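Worksheet for the structure shown next.
Here, each number is a calculation from the coordinates, and none is a lab measurement. Quick caveat, the model's predicted, so the values are computed rather than measured. Cβ placement follows ideal geometry from the backbone for every residue including glycine, while neighbour counts extend to all protein chains displayed.
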Amino acid sequence: MTFDATEIGMASGRPIELFEFVGTTTTYRYTTYSEDIVSNGDTYTALEGMKRETIAAGSQEEDQAALTVHVPFDNAMVTAYVFSVAPPALQLTLYRVHANDLNDTLLMWKGQVTSWTVAGRMVKLKVPTVFGYLLGGVVPSPKYQGPCNHILYGEFCAVDPTSYESTRTVSSITENEVVLDSSPFLDDACNGGEMEFTAGGERRQIIDNVGTTFTVNYPFSGLNATDTVIIRQGCDHSFTTCKAKFDNGINFGGCNRVPSYNPFAKARL
């Protein structure tokens, strides 16, 4: 029996909703059904308390339309994405299936998670349509400034991160301070860099490193002693650092000759 026939007849079908969140480093799959569901080879974990609000019918011109999904605050996806400065990208695809044929799916919604709102023990995710997200997006543009506009290790920066990273074992953790077994980098070399816990799908910005102690912008949710992490050196986005530390002056994305003071202001004494 086809999906449409089951949906209309409902004689042998029980509608089930599947939520697939594709993140920068990890994919999370959940269902509001009472038990785990396997659909097209992927397992969707039953998540108690998870729900969505009604999908409003509309047209492509209604670019403000958005789906709201409620997720428990202590969920692994929430702790990895919500409680982090500048969380990485997360895209939701919502499917509908029936119990009699879990591989016959219907796409109900697809969009980018744009905001998180914590209310008590629940977190609300706002997911506008793909069309609305693109229309509402702000197109970044480079600024006429001294510091580099590029993202470190990004496409335009072009520095290979593998040349400036090292894998180390965690010795101990105290909130947002992570002590490693050793470090090949000088003090402050990783300021503005990142620490990646690959196994847990978490990344944090390094704001300070002294010896083997690394301070990140926010504590990891699943990192423990004996786990391994990747530490990457940072950049202060100055031309001097770009050229001397990374030998990458040719790709510098700033205007290093911009004066450091306003020539129209009162002259310095």
Taking a label point 7 Å from the Cα of Val210 along Cα-to-Cβ, the residues of region 173-199 whose backbone nitrogen sits under 12 Å from it are 187-188
Suppose each label sits 7 Å from its Cα in the direction of the beta carbon; what would the Lys245-Asn191 distance come out to in nanometres? 0.9
Globularity index of region 161-251, i.e. its alpha-carbon radius of gyration over 2.2 N^0.38 Å: 1.07
Report, by chain and number, residues whose modeled amide H sits under 5 Å from the one on Leu90, excluding near sequence neighbours (fewer than 5 apart, same chain). Val113
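Mind listing which chymotrypsin sites (Phe, Trp or Tyr not before Pro) in region 204-261 are in a DSSP loop and have 11 or fewer other Cβ atoms within 10 Å?
Tyr261
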Checking region 164-269 for trypsin sites (Lys or Arg not before Pro) in a loop per DSSP with at most 15 other beta-carbon atoms within 10 Å yields Arg257, Lys266, Arg268
Residue separation between Glu48 and Tyr261 times 0.36 nm, minus their alpha-carbon distance, gives in nm 71.0 nm
Given 0.36 nm per residue, what is the gain on full extension from Asn40 to Asn100 after removing their alpha carbon distance, in nm? 20.2 nm
DSSP loop (so not H, G, I, E, B), at most 10 other Cβ within 10 Å: list which GluC sites (Glu not before Pro) in region 153-202 pass both filters. Glu155, Glu175
